[in-house]
1. Just to verify a result, which residue in the range 165-185, among those that are open to solvent by 50 Å² or more (accessible area, probe 1.4 Å) and among the hydrophobic types (A, V, I, L, M, F, W, C), is nearest to the ligand (Cβ to nearest atom)?
2. Can you spot a residue in the range 130-141 that is free of Cβ contacts under 8 Å to residues at least 24 places away in the same chain and touching a helix residue (DSSP H, G or I) at 6+ places or on another chain (Cβ under 8 Å)?
3. Please verify whether the range 150-164 includes one or more residues that are in contact (Cβ under 8 Å) with a residue 12 or more places away in the chain and exposed (fewer than 15 other Cβ atoms within 10 Å of the Cβ).
4. Restricting the range 186-212 to residues that are away from the ligand (no atom under 16 Å from the Cβ) and of a type in the set (S, T, N, Q), which is surrounded by the most Cβ atoms within 10 Å (Cβ to Cβ)?
5. Could you please find all residues in the range 114-163 being farther than 30 Å from Phe100 by Cα and in contact with a Gly (Cβ under 6 Å, 6 or more places away or on another chain)?
6. Check Ile31, Ile76 and return the single one that is surrounded by 18 or more Cβ atoms within 10 Å (Cβ to Cβ), outside any loop (DSSP other than H, G, I, E, B) and in contact (Cβ under 8 Å) with a residue 40 or more places away in the chain.
Amino acid sequence: MPSLSNLVGLAAAAAASVSAAVLPRDGTASITPHEQYSSSVGVIGCHINTNRVAYWPSPVDCNNICVKLTYQGRSINVLKIDQSGGAFDISYDAWNQLLFNKPATVEPHQGGGTNVQWQYVDNSQCASLLHNGKLPLSASNSINYVASCLNQPNSWVAKNYELINLQDSVCHFGWDEVCKLNLSVSNQPTCPHTLGDPRKSGLTVYNIQYGTGKVVAAA
Ligand SMILES: *[C@@H]1O[C@H](CO)[C@@H](O)[C@H](O)[C@H]1NC(C)=O
């Protein structure tokens, strides 16, 4: 049996390895523009502001959803809800607004990476970008993510998620209705209509075309 001092040492080592694994909460990133909305965790695009999304290299977690970006004294907030292959992409309109202080629809710019300051902020600061302050997720396709967050019951997503009976992030298939989930009963959400019904919803998400600023329905 390990001695008390060994246990204390082990606990200290464990604490050190945990803090070593903690990702930075702010920094500088070279941001690039992103035209087409997507979400690796299945955030329902027709219920959020898709012009304010961050597509970043680190996995989407259950707490750090709201990122404040600052450039030359201007700030905007974006939702970190998609993982990129390595780029620090943000929605084209967010990129245009932050760097040039104009919406992409009004004065569309083009260009490469520009360094800006970033900082995780309290998710309440992104409330207006969300759906009544909640993170809307696909009832049929986001369950792995939701379950991983429910395993962290105090996480922000565990307390603020909402399941919508739409199959895809661009809202083309399913029903625009809220579902309930009780994992102690079933890992399948209960919805007013059939879960994952592939009917055409009549809804879509609009992207802003890079370079032209035209508003285009997502394919
Ligand atoms: C989930 O279901 C269990 C078993 O029926 C019940 O005891 C519990 O209150 C339910 N939880 C919620 C949040 O409804």
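The values are calculated or read from the model by the stated rules, or taken from the named source; none is laboratory data. No experiment lies behind these values; they were computed from the predicted model shown. All Cβ positions, glycine included, derive from the backbone under ideal geometry; neighbour counts span all protein chains shown. SASA here: full protein model, heavy atoms, side chains in, ligands and nucleic acids out. Shrake-Rupley method; radii C 1.70, N 1.55, O 1.52, S 1.80 Å.
1. Step one: list which residues in the range 165-185 are open to solvent by 50 Å² or more (accessible area, probe 1.4 Å), which gives 167, 173, 175-176, 178, 180, 182-185.
Still in the list and also among the hydrophobic types (A, V, I, L, M, F, W, C): 173, 175, 178, 183, 185.
Values: Phe173: 28, Trp175: 22, Val178: 14, Leu183: 8, Val185: 5 Å.
Among residues in the range 165-185 that are open to solvent by 50 Å² or more (accessible area, probe 1.4 Å) and among the hydrophobic types (A, V, I, L, M, F, W, C), the one nearest to the ligand (Cβ to nearest atom) is Val185.
2. So far as the range 130-141 goes, no, none of its residues is free of Cβ contacts under 8 Å to residues at least 24 places away in the same chain and touching a helix residue (DSSP H, G or I) at 6+ places or on another chain (Cβ under 8 Å).
3. Going residue by residue through the range 150-164, those that are in contact (Cβ under 8 Å) with a residue 12 or more places away in the chain are 150, 152, 155-158, 160-164.
With exposed (fewer than 15 other Cβ atoms within 10 Å of the Cβ) added as a condition, the list becomes 152.
Within the range 150-164 (the criterion being in contact (Cβ under 8 Å) with a residue 12 or more places away in the chain and exposed (fewer than 15 other Cβ atoms within 10 Å of the Cβ)), the answer is yes, since at least one residue qualifies.
4. So the first thing to find is which residues in the range 186-212 are away from the ligand (no atom under 16 Å from the Cβ), and the list is 192-212.
Add one more test, that the residue is of a type in the set (S, T, N, Q), and what stays is 194, 201, 204, 207, 209, 212.
Details: Thr194: 12, Ser201: 18, Thr204: 15, Asn207: 23, Gln209: 15, Thr212: 12.
If we take residues in the range 186-212 being away from the ligand (no atom under 16 Å from the Cβ) and of a type in the set (S, T, N, Q), then Asn207 is surrounded by the most Cβ atoms within 10 Å (Cβ to Cβ).
5. Those that are farther than 30 Å from Phe100 by Cα and in contact with a Gly (Cβ under 6 Å, 6 or more places away or on another chain): Leu137, Ser138, Ser140, Asn141, Ser142.
6. Working: Ile76 fails: in contact (Cβ under 8 Å) with a residue 40 or more places away in the chain.
So the residue among Ile31, Ile76 that is surrounded by 18 or more Cβ atoms within 10 Å (Cβ to Cβ), outside any loop (DSSP other than H, G, I, E, B) and in contact (Cβ under 8 Å) with a residue 40 or more places away in the chain is Ile31.
Residues are listed down the side, and each one gets a yes or a no for (1) free of Cβ contacts under 8 Å to residues at least 60 places away in the same chain; (2) over 23 Å from the mean Cα position of the chain (by Cα):
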{"position": "Glu177", "(1), (2)": "yes, no"}
{"position": "Pro189", "(1), (2)": "yes, no"}
{"position": "Arg199", "(1), (2)": "yes, yes"}
{"position": "Val205", "(1), (2)": "no, no"}
{"position": "Gln209", "(1), (2)": "no, no"}
{"position": "Thr212", "(1), (2)": "no, yes"}
